[in-house]
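The next block holds one structure in the form of structure tokens; read it before the comments.
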Amino acid sequence: MEKLLKKRFMRKQIIEQAFPEEVSHTGDWINTEELARVELSSEAQGYPIEAALSLQAGSGWRAGSPGPQVIRLRFENPITLSGIYLLFEELAQARTQEFVLSWCPEEEPACKQIVRQQYTFSPPGTTRQVEAYQVDLRGVKVLELKLVPDITHAVAHASLLQLRLR
């Protein structure tokens with residue numbers, strides 16, 4: 001006897017992104033300027049780290065020297081994070097960037113990697129990289145962003161338009 005095969009359909013739904021391309025400057029974002037001390041490898045004049053961390057619109061941060069860079073937020077008191085939003089922009093130079101985002105809990109000296117990501121900028125077309133992560137991180141003492149602005153080791157300056165935390 002022949003078996004009848006029943007065709008099954010996948011149930012699916014297209015949903016909107018959790019974060020818009022540029023996040024609003026209001027809402028429940030953490031004011032990192034009040035809660036953290038920032039350590040960084042360099043910054044260009046006119047593009048300070050405050051411009052990327054501020055909840056107000058700004059020009060973003062740009063490295064003062066080419067090559068790998070580090071931005072480290074050291075929180076005075078351990079915090080809980082539920083979301084991390086990064087917006088990178090490159091308007092002038094085609095390059096493939098890599099970043100590593102890590103965190104350190106208060107009781108452990110070693111940082112734990114959240115994500116390692118590569119992205120290729122191809123101006124004038126592809127100029128923005130948006131990364132939005134939902135996380136459940138408790139007791140965060142340090143959040144660290146390591147940037148390699150061009151994995152081919154070409155002369156390039158790292159930049160960060162926005163870094164927002166929930």
Cβ charges +1 (Lys, Arg) and -1 (Asp, Glu), total dipole of region 50-128, debye: 280
Region 41-166 - Debye-derived log10 I(q)/I(0), Cα point model, q = 0.13, 0.19 Å⁻¹: -0.51, -1.08
Cβ crowding within 10 Å averaged over residues, with 28-34, 141-147 ranked highest first: 141-147, 28-34
Inter-centroid distance (Cα atoms) of region 56-71 relative to region 110-166, Å: 11
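Readers should treat all values here as calculations from the given coordinates under stated rules, not as data from a laboratory. Nothing here was measured: the structure is a model prediction, and the numbers come from that model. Note: ideal-geometry Cβ built from the backbone for every residue, glycine included; neighbour counts use all protein chains shown.
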